[in-house]
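To keep things clear, I will list the structure first and then write my remarks on it.
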Amino acid sequence: GEKLLWAEQRVRARLSPQLESLAAELETELNQAFEVVRPSLRIHASHDLALAQLRDHLGLKTGTRLDLQFRGSLDALASLARGQCDLAGFHITENHAQAVLLHLSYRQWLKPKAQKLIHFVARQQGLMLPKGNPRGIRNLYDLCADNMRFVNRQSGSGTRLQFDQLLWEAGIDCAQINGYSQEEFTHLAVAATIASGMADAGFGIKAAAVQYGLDFLPISNESYFLLCRAENLQRQSMQDFIQLIRSSEFKTIVAALPGYDASRAGDVSGIREALPWYDKPKAPRRHGVGEAIRGGRRG
């Protein structure tokens, strides 16, 4: 019975974002078919709990319908480039100096003269572990143990890119991690997999770990941005959205999410201002890692 309950939790965490995205697409098509005039703001974004709550609890506060579809960060940025959305949500570690692989992945989609960044939230990422950390995991190197079971995010997601960056910095071959190829499409699905006993560790946001009663080993802080075309900033729907995420109501919602901060929500920046590495691309190379990642190398 307990296994059936956990199976239901995993399926719900895995499928809910996809079903919600399909529902949003269907609603858009129906509105177009019946010529419903209420404007919509199309958001394609990396999975995020604050965005989901914004849509569910505050989306009706404006005259604009929030059409939110969760996708990987790279897919969301590609959607904006194709004109398929108005805002693309992606996230990147605040340790800009080291995130070489992330820079190379994101840079092709960023156009400083034509686009602007809207600050959304800051989040804490790290290792999600079973309650009590029974395997005694202290760092990334512990994931290489022969009997360790890891669960990963899907290729193209911002979290997967960040995890790959951390492995590169640590000099860890992904082939050393049992379960590296086992993928889930949301932070909640990763957390549910660990809580159900199907995995010993995963990488994701603190809020998902807390929601499923897991231990959390913090590794990095990151900024979550919403990218838009600069010419669209003055649209009423975009201005309404910016005011919404600047509101005290939104910040109250974010304050209840562990590891989140919304102090800069709604600030608008240029790409070069917010991402100083943009003009300084580097070839990827391995280098030393900080104590927050290392915690004592093994093997």
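Bear in mind that the values in this text are calculations on the coordinates, not laboratory data. Keep in mind the model is a prediction, meaning the values are calculated, not measured. Positions of Cβ are backbone-derived with ideal geometry, glycine not excepted, and every protein chain shown enters the neighbour counts.
Structure data summary
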item: Inter-site label distance for Arg272 and Cys174 at 7 Å from Cα along Cβ, in nm; result: 3.3 nm
item: Sites Thr252 and Glu94, calculated FRET efficiency, Cβ-Cβ separation with R0 25 Å, nearest 0.05; result: 0.60
item: Added length on full extension, which subtracts the Cα-Cα distance from 0.36 nm per residue, Asn221 to Met198; result: 5.6 nm
item: Gln239-Ser155 FRET efficiency (beta carbon distance; Förster radius 45 Å; 0.05 resolution); result: 0.80
item: Fraction of the pair-distance distribution of the range 89-214 above 16 Å, Cα-Cα pairs, percent; result: 63 percent
item: Spin-label model distance (nm) - Asp146 vs Val210, 7 Å beyond Cα toward Cβ; result: 3.9 nm
item: The range 95-217: relative contact order in percent, alpha carbon pairs under 8 Å with at least 6 residues between; result: 38 percent
item: When each of Lys113/Lys280; Lys113/Lys206; Lys131/Lys206 is checked by Cα-Cα distance, pairs over 25 Å; result: Lys113/Lys206
item: Cα shape, the range 64-106, gyration tensor, a/c 1.5 rule; result: prolate
item: Förster radius 35 Å - calculated FRET efficiency between Ser181 and Gln108, Cβ distance, rounded to 0.05; result: 0.85
